[in-house]
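J.: Mind looking over this structure? Questions follow.
The values are calculated or read from the model by the stated rules, or taken from the named source; none is laboratory data. Note that this is a predicted model, so its numbers are computed, not measured. Backbone-built Cβ (ideal geometry, glycine too); neighbour counts: all protein chains shown.
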Amino acid sequence: MSFEDDTIVEQHACYYLTLNTVECIDIFVRPVFKRIIVESLNHFIEKKGLIVYSWCLMTNHLHLMAQAKPGYSLSLLANEFKKFTTKIILEDIDAEPEVRRNWIMQKFEEASASLKFLDKFQVWQTRINPVYIDLQDTDMINEQLEFIHNNPVRDRIVAEPEDYLHSSARDYIGIKGLVKKRNRTL
């Protein structure tokens, strides 16, 4: 069951989500910004009711297979995650060389203005492109896990999914990963 719009119908069901940066800006090339995402995911898992089954952070987007614990809303968690990480990214943007920093900030500001948001800067696109995942369907789970974990292989960053540090692929072969996630079938 897949939903073509950007609506999470069942707030406690599992979904495949993609969070893209505005204009696909490659912000996650620097360790400081990768660390923000890893630490934020762990914070949301520990304190905010997020359950993550798999994840992969690429240079300009984040893939998740996730759901919300009872009493939480996945839509609200996704929006709160984007706001939370935006604030920290903007605080740490000084890590960028001045020319790149100015260009990035201009793009974040233009995105916010074009969307007519009150916030001055927009890091993430508004859409999260949710795809419902039936946790009883082992084939569907495995398909999504493989798709997420093979992202850096398809982009020729690594030869094997588990070689990529910013992904849950390592967890699925018994190597402790960076994010506290729950394993599913593989």
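J.: Give me the pairs: first residue in region 82-94 and farther than 15 Å from Asn42 by Cα, second residue surrounded by fewer than 19 Cβ atoms within 10 Å (Cβ to Cβ) and at pLDDT 90 or above, beta-carbon distance under 8 Å, and six or more apart or on different chains, which are they?
T.: What qualifies is Asp92/Val32.
J.: Let me ask you something else. One residue is enough: does region 160-167 have a residue meeting the conditions closer than 18 Å to Leu17 by Cβ, outside any helix (DSSP H, G or I) and either in contact with a Leu (Cβ under 9 Å, 6 or more places away or on another chain) or of a type in the set (Gly, Ala, Ser) (or both)?
T.: yes
J.: Does Tyr132 count as farther than 20 Å from Phe44 by Cα, surrounded by fewer than 18 Cβ atoms within 10 Å (Cβ to Cβ), of a type in the set (Ser, Thr, Tyr) and within 18 Å of the chain's Cα centre (by Cα)?
T.: yes
J.: Being at positive phi and in a loop (DSSP other than H, G, I, E, B) is true for just one of Arg156, Arg182. Which residue is that?
T.: One residue alone meets the criteria, Arg156.
J.: Let me ask something else. Tell me, which residue of region 85-112 that is of a type in the set (Gly, Ala, Ser) and either closer than 19 Å to Asn20 by Cβ or in contact with a Ser or Thr (Cβ under 8 Å, 6 or more places away or on another chain) (or both) is modelled with the highest pLDDT?
T.: Among those residues, the one meeting the criterion is Ala111.
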